[in-house]
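A quick write-up on the structure given underneath.
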Amino acid sequence: MALKGDHALMEKRRVRAAAMFERGTLAPEVGRKLGVSRQVAYRWKSAWEKGGKAGLASKGKAGRKSKLTVAQTNQIVDALAAGPVILGYKTNLWTLPRVAGFIKELTEVRYHPGHVWRLLCDNGFSCQRPERRAIERDEPKIRRWKRVEWPTIKKRPGTRAEHSSSSTKAD
């Protein structure tokens, strides 16, 4: 089950566990039926015994709250998707320091370049490196060379007339 990060689905599963505990189902059986370990099922049972269904409610995303509002994040994502050249940068490459500076310009919120990647990953961006190619590169000429000229230059295996001197087979 791919529930990691989806607090609503995880909470729904814990509510199902609470209903099973109310019916008297044992923790190992709850764990088996809901696809969690026995230890998790026992932890849920303990929380249910202390606070009922409310004891199993989601407490939200763990960790520090984001410095950016949802609107600011959406604004940043839209701008990043448009590309750096459109925003006035010289090259069409986003680097972490460049993104951190852009976020500071746009929202007045400071992010360390080493932590910008978390914001990017959370919003569907991935690390990609551009291919290094010469500006003068002529793709049609390269394709023609690979298709026509390379096969004529390429070495072909020789005939199998004689065995190698290091042959281990007996003749």
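The values are calculated or read from the model by the stated rules, or taken from the named source; none is laboratory data. Just so we're clear, the structure is a prediction, and the values are computed from it rather than from any experiment. Note that each Cβ is placed from the backbone with ideal geometry, even for glycine, and that neighbours are counted across all protein chains shown.
Residue by residue, here is whether (1) exposed (fewer than 12 other Cβ atoms within 10 Å of the Cβ); (2) among the aliphatic types (A, V, I, L, M); (3) closer than 21 Å to R64 by Cβ; (4) at pLDDT 90 or above holds:
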| position | (1), (2), (3), (4) |
| --- | --- |
| G83 | no, no, no, no |
| G88 | yes, no, no, no |
| L93 | no, yes, no, no |
| F102 | no, no, no, yes |
| T107 | no, no, yes, yes |
| R110 | yes, no, yes, yes |
| L119 | no, yes, yes, no |
| F125 | no, no, yes, no |
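If I filter segment 58-72 for residues that are assigned to a helix (DSSP H, G or I), modelled with pLDDT of 85 or more and surrounded by 12 or more Cβ atoms within 10 Å (Cβ to Cβ), do I get at least one hit? There is at least one residue in segment 58-72 that is assigned to a helix (DSSP H, G or I), modelled with pLDDT of 85 or more and surrounded by 12 or more Cβ atoms within 10 Å (Cβ to Cβ). Restricting segment 22-46 to residues that are on the phi < 0 side of the Ramachandran plot and either at pLDDT below 90 or in a loop (DSSP other than H, G, I, E, B) (or both) leaves a set whose member that is surrounded by the most Cβ atoms within 10 Å (Cβ to Cβ) is V36.
On the given criteria, is K12 charged (D, E, K, R), assigned to a helix (DSSP H, G or I) and modelled with pLDDT under 90? Break it down stepwise before answering.
Working: charged (D, E, K, R): yes; assigned to a helix (DSSP H, G or I): yes; modelled with pLDDT under 90: yes.
So K12 passes the test.
Okay, residues lined up against (1) in contact (Cβ under 8 Å) with a residue 12 or more places away in the chain; (2) under 27 Å from the mean Cα position of the chain (by Cα):
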position	(1), (2)
R16	yes, no
T25	no, no
W48	yes, no
L68	yes, yes
D78	no, yes
P84	yes, yes
